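One structure below.
The values are calculated or read from the model by the stated rules, or taken from the named source; none is laboratory data. Model, not experiment: these values are computed from the prediction. Virtual Cβ from ideal backbone geometry, glycine too; neighbours counted across all protein chains shown.
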């Protein structure tokens with residue numbers, strides 16, 4: 001996966017700065033666009049303040065590898081003001097609004113994240129009136145793999161200790177994004 005010995009910084013920089021002859025045949029030229037660079041203004045490096053007539057609702061997924069929970073917690077703590085709430089979904093990946101399904105294994109079911117957002121909007125951002133009931137109605141965390149997935153992807157009845165069976169279906173399940 002990685003060459004040994006590891007090249008030094010100078011060698012690595014040279015590799016990424018090198019203009020390959022193979023690229024010349026495509027005649028794409030040099031990338032001469034200017035970067036997207038914003039001049040620093042009065043908001044640069046400032047902590048956001050929640051004004052008296054607004055609120056902030058944040059959602060975070062405990063299994064989010066793109067924006068890990070510690071990032072949401074850090075931003076939440078940095079927000080100045082008291083009218084704020086961070087809802088943490090322990091077993092939800094990135095995009096907690098779209099991934100917090102109310103029915104286990106049913107990606108067409110409604111999500112708790114959307115229900116929270118709808119309540120937040122309908123209650124004009126009043127966090128005291130936020131309907132949080134869906135948090136208690138979410139299915140428990142499960143590593144159980146649906147039988148149709150075991151059959152189609154692994155051709156077994158038991159993912160963890162099963163025997164490979166050529167007789168099992170290799171058709172991909174419908175409606176599961178596969």
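Quick notes
- Matching option when the condition is surrounded by 16 or more Cβ atoms within 10 Å (Cβ to Cβ), in the same structural domain as residue 131 (by TED's automatic domain parsing) and free of Cβ contacts under 8 Å to residues at least 40 places away in the same chain, among 96, 110: 96
- Residue 48, sole failed condition from (1) within 15 Å of the chain's Cα centre (by Cα); (2) surrounded by 10 or more Cβ atoms within 10 Å (Cβ to Cβ): (1)
- Residues in segment 69-89 that are assigned to a loop (DSSP other than H, G, I, E, B) and at pLDDT below 95: 79, 81, 82.
- Residue within segment 139-154 that is modelled with pLDDT of 90 or more, touching a strand residue (DSSP E or B) at 6+ places or on another chain (Cβ under 9 Å), loosely packed, with under 15 Cβ neighbours inside 10 Å and part of a loop (DSSP other than H, G, I, E, B) present: yes
- Scanning segment 45-57 turns up no residue that is closer than 30 Å to residue 160 by Cα and part of a strand (DSSP E or B).
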